[in-house]
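Working notes, beginning with the structure itself.
The values are calculated or read from the model by the stated rules, or taken from the named source; none is laboratory data. These numbers come from a predicted model, not from an experiment. Because the Cβ atoms are built from the backbone with ideal geometry, glycine has one as well, and the counts that use them run over all protein chains shown. Protein only, heavy atoms only, side chains kept; ligands, DNA and RNA dropped before computing areas. Shrake-Rupley method; radii C 1.70, N 1.55, O 1.52, S 1.80 Å.
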Amino acid sequence: MFYREAGDFKTSYVDDSQTFPIAFDRYRYYFVLVVAFGIIPFIINDYWANAVMVPFLIYAIAAIGLNILTGYCGQVSLGTGGFMAVGGYACYKLMTAFPDVSIMIHLLLAGFITAGVGVLFGLPSLRIKGFYLAVATLAAQFFLVWMFNKVPWFYNYSASGQISAPERFVFGVPVTGPNVEAWAKYMVCLVFVTGCAWLARNLTRGTIGRSWMAIRDMDIAAEIIGVNPLKAKLTAFAVSSFFIGIAGALLFAVYLGAVEVGEAYGINKSFLVLFMIIIGGLGSIFGAFAGAAFMVLLPVLLKNVLVGGLGWDTALATHFEFVIVGALIIIFLIAEPHGLAQLWKLAKEKLRLWPFPH
């Protein structure tokens, strides 16, 4: 009987409009933060960091960015991998050009650079939408990957065509390079995902977020009531690309350390992040986390069960993973278009009414 609004009184407008109106939700949120910042860094090892936690945090940032553009503003995008490449290569050029500047600043600047590129490629959204906009962003994906692969300046004229992250420190602790420890890369990603989630949640609950959702629901009606479609769509592309650029920079600098643009930021990356927000739930910050967790944990679980437990061939287990993901996307699109976030919301509503049936 502890998950109730009864007795949880609000005495100000600030209390009444807070993100978590029920006290138990706030306590659970604080508990998750305490565990994430105060416990996991002391017990995490290389396997859990590289296989689960770090990719989950990075893809959660990318999913939040794409969810802002597609879920909140209704602008379909298939260029996530290309925008992540912009963030990764921008971070690399900044790290090599300004070695004395903190890596944290480089990661933020990579996000801002990607935001500018996102606005540039978001200009067609003022004239086209739906399938045609998806094709336009898909063209951006292929163009950006081709550019980073063919212009030697972006990879500093390396003979291999790869970019490698030099060693950088935060408070004397290496966070990039070959000597980085598991807890250090986890903490860097955790700081950024916490800040991005907080920023995205406040943006979507404010005036900008309401203008995005008005454009998503009916752009003509939104324009009639005073919403500027130019400002709404371009700010959605800018904020979305900012988050995706940070995710791409973290993927290169903190997680992988060395990347080749076609392998790390190819079209598969765009579809992977898109699947995350479809399964997690469009128009939900929690859905971005749920979808990222699902898509990161599913391959690990299948590999341990099918390959380690049942002795299946690795290639067969990988193809079986594709079958499961495809089937789940079809099921969610038909049965529950709002994804795991809606299922979580329904479960909480049932719990608030339990044991009463009404």
Can you tell me which lysines have their Cα less than 25 Å from the Cα of residue 129? Leave out same-chain residues fewer than eight positions away.
231, 233, 269
Test of understanding: what is the full-extension gain from residue 120 to residue 298, defined as 0.36 nm times their sequence separation minus their Cα-Cα distance?
60.6 nm
So, for the stretch 167-282, what is the accessible surface per residue at a probe of 1.4 Å, expressed in square angstrom?
42
Given a 1.4 Å probe and every protein chain left where it sits, what share in percent of the accessible area of the chain is carbon and sulfur?
70
Per-residue ellipticity at 222 nm attributable to helices in the chain (runs of n ≥ 4 DSSP H, -39500 (n - 2.57) apiece, nearest 500 deg cm²/dmol) works out to -21000 deg cm²/dmol
Rank by packing, highest mean first: peptides 63-71, 331-339, 278-286, 9-17, with packing defined as the count of other Cβ atoms within 10 Å averaged across residues.
63-71, 278-286, 331-339, 9-17
Identify all aspartates and glutamates with a Cα-Cα distance to residue 345 below 16 Å; exclude those on the same chain that are fewer than 8 residues away in sequence.
5, 25, 336
Looking at the chain, do any whole DSSP H helices span at least 24 angstrom along their long axis by alpha carbon and average 1.0 or above on Kyte-Doolittle, and which?
103-122, 131-150, 182-204, 229-250, 285-302, 314-335
Under a 10 Å cutoff between Cα atoms, tell me which one of 222, 290, 115 has the largest fluctuation in the Gaussian network model of the chain.
222
How large is the dipole of the chain about the Cα centre if only Lys and Arg carry +1 and Asp and Glu carry -1, each at its Cβ, rounded to the nearest 20 debye?
580
Please work out the C-alpha center-to-center distance from the stretch 304-358 to the stretch 159-216 and express it in whole Å.
27
Computed accessible area, residue 216, all protein chains, 1.4 angstrom probe, square angstrom:
90
For 154, 98, 42, give me the order by solvent-accessible area with a 1.4 Å probe, most accessible first, ignoring ligands, DNA and RNA.
42, 98, 154
